[in-house]
Amino acid sequence: MREGACRFDLWYVQVNWEGSTVYRVRFMKSGQEAPVPSAILRYLAGRTRGIPGLSSIATKGSSVYAAIYREVSLVPYGTTCTYGEVAARVGTSPRTVGQAMARNPTPLIIPCHRIVASRGLGGFTPSVELKMALLEIEGTRKKEM
DNA sequence: CAGTGTTCAGGAT
DNA sequence: ATCCTGAACACTG
């Protein structure tokens, strides 16, 4: 299992991966820089639309959460989707989608920042500022809330 | 058991 | 028009 970290907007982004499978992505306030997959660096720099070539371990499995993560992965770069819409497509409740996002082991790979509330921005761990920064990269209009 | 990164309908201001 | 109340839901401590 390889581990690395890069900086982004006052945060350290720690990545654990092996080959093309990403096991964990975490945002931390402090850390040490170490090599991470270049696709992630390019994405964070706003030079590519999305993160090609990498997949999250969380999309594998038969649980409801895995189904939610797969559905979220289909949301196109630069657009947003609501908790309710995802819930309807998976066949579960909006709250469960929110819970799945909160426990998302691999943000960025699974674009949980593209999931917003029906009215407003919704939440984000560890901070909504980070969510806005990510949407900013993708050029997403933060429409009126 | 309680609590979540929600949402919607229904009713009262 | 806004503000409040409940209910549905899949997991985790």
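Since every read-out is calculated from the coordinates, none of them should be taken as a lab result. Only a predicted model underlies this, so the values are computations on that prediction, with no experimental measurement involved. Ideal geometry is used to build each Cβ from the backbone, glycine not excepted, and the neighbour counts take in all protein chains shown.
Counting other Cβ atoms within 10 Å, keep those with at most 15, restrict to DSSP loop, and tell me which trypsin sites (Lys or Arg not before Pro) in the stretch A:24-62 are left. Could the numbers behind the result be given before it?
Numbers: sites: A:24, A:26, A:29, A:42, A:47, A:49, A:60; in loops: A:29, A:47, A:49, A:60.
For trypsin sites (Lys or Arg not before Pro) across the stretch A:24-62 that sit outside H, G, I, E and B with at most 15 neighbouring Cβ atoms in 10 Å, the list reads A:29, A:47, A:49, A:60.
Tilt of helix A:128-137 relative to the longest C-alpha principal axis of chain A, in degrees (0 to 90, nearest 10)?
80
About the Cα centre, and with charges only on the beta carbon of Lys, Arg (+1) and Asp, Glu (-1), how big is the dipole of the stretch A:2-55? Nearest 20 debye, please. Don't jump to the answer; show the numbers that get you there.
Values: 8 positive and 4 negative charges, 30 e Å.
So the magnitude is around 140 debye.
Only Cα pairs under 8 Å and at least 6 apart count here; give the relative contact order of the stretch A:2-55 as a rounded whole percent.
On the way: 87 pairs, mean separation 18.0, N = 54.
Relative contact order of the stretch A:2-55: 33 percent.
Before rounding to the nearest 500, sum -39500 (n - 2.57) across all DSSP H runs of length at least 4 in chain A and divide by the residue total; then give [θ] at 222 nm in deg cm²/dmol.
-8500 deg cm²/dmol
At a 10 angstrom cut-off on C-beta neighbours, averaged per residue, how do the peptides A:109-119, A:70-80 rank from highest to lowest?
Values: A:109-119: 21.0, A:70-80: 16.4.
Ranked from most to least packed, the peptides come out as A:109-119, A:70-80.
Which shape class, rounded, prolate or oblate, goes with chain A when its Cα gyration tensor gives a ≥ b ≥ c as root eigenvalues, a/c under 1.5 marks rounded, and past that a/b bigger than b/c marks prolate? Walk me through the intermediate numbers first.
Details: a/c = 1.76, a/b = 1.28, b/c = 1.38.
Cα axes put chain A in the oblate bin.
Work out the FRET efficiency for residue A:64 and residue A:133 from their Cβ-Cβ distance, taking R0 = 22 Å, and round it to the nearest 0.05. Can you show the working numbers first?
On the way: r = 29 Å, r/R0 = 1.33.
E between residue A:64 and residue A:133, to the nearest 0.05, is 0.15.
Would you work out the relative contact order for chain A, in percent, from Cα pairs under 8 angstrom that are 6 or more residues apart?
Details: 222 pairs, mean separation 29.5, N = 145.
Normalised by residue count, the contact order of chain A is 20 percent.
For residue A:125 and residue A:88, calculate 0.36 nm times their separation in residues minus their Cα-Cα distance, and state this gained length in nm to one decimal.
Working: separation 37, 0.36 × 37 = 13.32 nm, distance 2.34 nm.
Between residue A:125 and residue A:88, full extension yields an extra 11.0 nm.
Of the listed peptides A:33-39, A:11-17, A:102-108, what is their order by residue-averaged count of other C-beta atoms within 10 Å, with the highest listed first?
On the way: A:33-39: 14.6, A:11-17: 20.4, A:102-108: 18.4.
In decreasing order of mean packing, A:33-39, A:11-17, A:102-108 become A:11-17, A:102-108, A:33-39.
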